[in-house]
Amino acid sequence: MFNKVILVGNLTRDCELRYLPSGSAVCTTGIATNRKFKNQMGEQKEEVCFVDITFFGRTAEIANQYLARGKKVLVEGRLKLDQWTDQNGGKRSKHSIIADNLQMLDSKNSNSGENSSNYNAPPKQDNYSHPKPQANKPTSNEIPSIDIDEDEIPF
């Protein structure tokens, strides 16, 4: 089975950082992505998707330190289905993203003063240790070239 999601969008709220009893950091926030398209009548339409995101470990601490509402980010991770019962006894569910990688896309002139950067989440462990170097992963100085039509960009 394969479960991988890559989203580019703007954060919908500030990050909320907390720590688990094991000492691992957990940061939650949300992202909004949009898609522009023409309907059957030829009218230009826009569809917006809001998704919750969870970061773990050092990536959670970095996200909390550098990200804020409105910042543009690229998030790579896996899709997770959350299910619960509401106060009225109704069953509820929503999809969220458990982030593995984070790339800040705002320019150097934005409020944080940071340039685009890549942050890879470490492997999940109960006792946090430094992440192992991963081969073939781009560093913050390498930007992979991709061929994207301007109409496909979700913002």
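The values are calculated or read from the model by the stated rules, or taken from the named source; none is laboratory data. All values reported here derive from a predicted model rather than from experimental measurement. Cβ atoms come from the backbone with ideal geometry, glycine included; neighbour counts cover every protein chain shown.
Scanning segment 6-31 for residues that are touching a Leu at 6+ places or on another chain (Cβ under 8 Å), under 15 Å from V75 (Cα atoms) and in a strand (DSSP E or B) yields I6, L7, V8, L11, C27, T29, G30, I31.
Once segment 1-23 is narrowed to residues that are closer than 12 Å to T54 by Cβ and surrounded by 15 or more Cβ atoms within 10 Å (Cβ to Cβ), the residue that is farthest from the chain's Cα centre (by Cα) is L17. Is there any pair with a first residue in segment 76-99 that is over 19 Å from V26 (Cβ atoms) and a second that is surrounded by 10 or more Cβ atoms within 10 Å (Cβ to Cβ) whose Cβ atoms are under 6 Å apart and which are 6 or more apart or on different chains, and what are they? Pairs found: D86/R92.
Checking each residue in segment 53-83 for being of a type in the set (D, E) and either surrounded by 14 or more Cβ atoms within 10 Å (Cβ to Cβ) or within 13 Å of L105 (Cα to Cα) (or both) picks out E61, E76.
For every residue, the table says whether it meets (1) among the acidic types (D, E); (2) closer than 14 Å to I97 by Cβ; (3) touching a strand residue (DSSP E or B) at 6+ places or on another chain (Cβ under 9 Å).
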{"site": "I6", "(1), (2), (3)": "no, yes, yes"}
{"site": "T12", "(1), (2), (3)": "no, yes, yes"}
{"site": "R18", "(1), (2), (3)": "no, no, yes"}
{"site": "P21", "(1), (2), (3)": "no, no, no"}
{"site": "C27", "(1), (2), (3)": "no, yes, yes"}
{"site": "G30", "(1), (2), (3)": "no, yes, yes"}
{"site": "T33", "(1), (2), (3)": "no, yes, yes"}
{"site": "F37", "(1), (2), (3)": "no, no, yes"}
{"site": "E46", "(1), (2), (3)": "yes, no, yes"}
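If we scan segment 43-52, do we find a residue that is surrounded by 18 or more Cβ atoms within 10 Å (Cβ to Cβ) and either under 11 Å from the mean Cα position of the chain (by Cα) or at pLDDT below 90 (or both)? Checked segment 43-52: at least one residue is surrounded by 18 or more Cβ atoms within 10 Å (Cβ to Cβ) and either under 11 Å from the mean Cα position of the chain (by Cα) or at pLDDT below 90 (or both). With the structure loaded, tell me whether V5 is of a type outside the set (S, T, Y) and in contact (Cβ under 8 Å) with a residue 60 or more places away in the chain or whether it fails that test. Criteria met by V5. Restricting to segment 24-42, and then to whatever is basic (K, R) and surrounded by 11 or more Cβ atoms within 10 Å (Cβ to Cβ), can you tell me which residue is nearest to the chain's Cα centre (by Cα)? Only one residue tops the list, namely R35. State yes or no: is N34 out of contact with any helix residue (DSSP H, G or I) (no Cβ under 9 Å at 6 or more places or on another chain), part of a helix (DSSP H, G or I) and either among the polar types (S, T, N, Q) or free of Cβ contacts under 8 Å to residues at least 40 places away in the same chain (or both)? In short, no. Selection over segment 45-93 of residues that are part of a helix (DSSP H, G or I) and among the hydroxyl-bearing types (S, T, Y) gives a count of 2.
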